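Colleague: One structure follows; several queries about it will come next.
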Amino acid sequence: MELSYCVVNTNGRADLLTGLEAIRRTHPAGLDAEILVLDNASDDGSSAAVREWAAGADLELPLRVIDRERRAGKAENDTLLMREARGRLCLLLNEDAELKPGATAELVAALDADPGAAAAGAQLLDAAERPLACAWRLPGVFASLASALFLHRWLVTQSGGEETREAGWVQSSAMLVRADAARDVGWLDPAFFVYSDETDFEKRLRDAGWRILYVPSALAIHHEQLANDRSSGERRLIEFHRNRDLYMRKHHGAAAAAVCRVLNAIPYLPRALASVFLPGRSPGLMALHARRALRPYGGGEGIREAAAAYNARLASGAVVRAEE
């Protein structure tokens, strides 16, 4: 089989159905493929909704739903999907990713044209279809210094333009991966529950001699379900900053990680000040970013702890899932 669409979903039923319909609508004719949906112990009826959609969608591709009995991290779930996939290529998709016409074909063509590339990322768009930054130089002291000097758009961000080219890393919301390359580097590291998981994965692919491609002709809307969940805001910040620090310690050592904590905090301070005078901005949020960048392990619970608490409630029967 040529291609496996690998979709991870956590309580994103509406976005998930939109994304699956986009797969059905945009799948290239003649490309042998399957759809795998991993439901991450959702309680919103996502699995039942997918099965109902598949039954009535005149779907030409085989679809399988993998139901998890406990909530796990993005890295672990993407790995499980790729292990289960039959395709030589795996298109990793968040539940809130909506492929635009031609996106799959462009990503497949990019990897087929470059045997030395292990992954190819689409150009992500916001809900208004404006381009989002989605490819960057790999993290390190230089990248953090450039961001501290507000030079990140020129020296760190690598998305933009019209030509397919190599990047340090691309966002995994819509990323095509060679299954054998993922297997060779040991899949994704579950130590990264969410955030920096794909960065670490792509760093290891590059260290193994593979290239990472950014493909601007492949377009996908990223509805950013997690970012729009205000109730999980502080947990997301905690998870983001401690996993960014974990990446630095894993690949660059403790000293470089300590330097980057300071550098990463600096850009949030003037933003916090500016937010006082700008409508709709939160100085408290920027200040919280700065504190978490400086002290990524300074207390508080992230998304990992929220998942563990949810799993405990599931085990005790305190959570009633919609399918039940």
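Colleague: I want to check the label-to-label distance for residue 234 and residue 29. Put each point 7 Å from Cα in the C-beta direction and report it in nm to one decimal.
Modeller: That separation, rounded to one decimal, is 5.5 nm.
Colleague: What is the list of residues in segment 245-270 whose amide nitrogen lies under 19 Å from a point 7 angstrom out from the Cα of residue 287, following Cα to Cβ?
Modeller: Within reach of a label on residue 287, which here means backbone N under 19 Å from a point 7 Å along Cα→Cβ, segment 245-270 contributes 265-270.
Colleague: Can you compute the FRET efficiency between residue 67 and residue 18 using 1/(1 + (r/R0)^6), with r the Cβ-Cβ distance and R0 = 25 Å? Round to the nearest 0.05. Present the calculation step by step, with values, prior to reporting the outcome.
Modeller: Details: r = 20 Å, r/R0 = 0.82.
That gives a FRET efficiency of 0.75.
Colleague: Need one number: nm distance between label points at residue 127 and residue 250, each 7 Å from Cα along Cα→Cβ, rounded to one decimal.
Modeller: Rounded to a tenth, the inter-label distance reads 3.2 nm.
Colleague: Could you compute the FRET efficiency for residue 308 and residue 58, with r as their C-beta to C-beta distance and R0 at 45 Å, rounded to 0.05?
Modeller: So the FRET efficiency works out to roughly 0.65.
Colleague: What percent do you get for the relative contact order of segment 1-157 when only Cα pairs under 8 Å and 6+ apart count?
Modeller: Worked out over segment 1-157, it gives 28 percent.
Colleague: Continuing with the same structure: From a point 7 Å beyond the Cα of residue 141 in the direction of its Cβ, which residues of segment 246-283 have a backbone N at a distance under 13 Å?
Modeller: Those under the cut-off are 252-263.
Colleague: Residues of segment 183-307: accessible area per residue at 1.4 Å, in Å²? Don't skip to the end; give the middle numbers.
Modeller: Details: 5950 Å² over 125 residues.
The answer is 48 Å² per residue.
Colleague: Have a look at 92, 273, 138 and tell me which one the Gaussian network model of the chain (Cα, springs below 10 Å) gives the largest fluctuation.
Modeller: Judging by the Gaussian network model, the answer is 273.
Colleague: Got the relative contact order for the chain handy, in percent, Cα pairs under 8 Å and 6 or more residues apart?
Modeller: Details: 635 pairs, mean separation 66.4, N = 324.
For the chain, the relative contact order is 20 percent.
Colleague: What nm value, rounded to one decimal, do you get for the distance between residue 319 and residue 208 when each label is placed 7 Å out toward the C-beta?
Modeller: 3.1
Colleague: Arrange the residues 95, 202 by how much accessible surface each exposes, largest first, with a 1.4 angstrom probe.
Modeller: Result of the area sort, largest leading: 95, 202.
Colleague: With springs only between Cα atoms under 10 Å, which of 179, 14, 33 fluctuates most in a Gaussian network model of the chain?
Modeller: Highest fluctuation of the listed residues: 14.
Colleague: Need the list of lysines near residue 100 for cross-linking: C-alpha distance under 28 angstrom, and skip anything on the same chain fewer than eight residues off.
Modeller: Of all the lysines, those that pass the test against residue 100 - Cα under 28 Å, at least 8 places apart if same chain - are 74, 203.
Colleague: Does segment 1-127 classify as rounded, prolate or oblate by the C-alpha gyration tensor (a ≥ b ≥ c root eigenvalues; a/c under 1.5 gives rounded; else a/b over b/c gives prolate, otherwise oblate)?
Modeller: prolate
Colleague: Hey, in the GNM for the chain with a 10 angstrom Cα cutoff, which one of 214, 310, 247 fluctuates hardest?
Modeller: Result: 310 has the largest fluctuation of those listed.
The values are calculated or read from the model by the stated rules, or taken from the named source; none is laboratory data. None of the values given here were measured: they were computed from a predicted structure. Neighbour counts run over all protein chains shown; Cβ positions are idealised from the backbone, glycine included. Areas reflect the complete protein model, heavy atoms only, side chains present, ligands, DNA and RNA absent. Shrake-Rupley method; radii C 1.70, N 1.55, O 1.52, S 1.80 Å.
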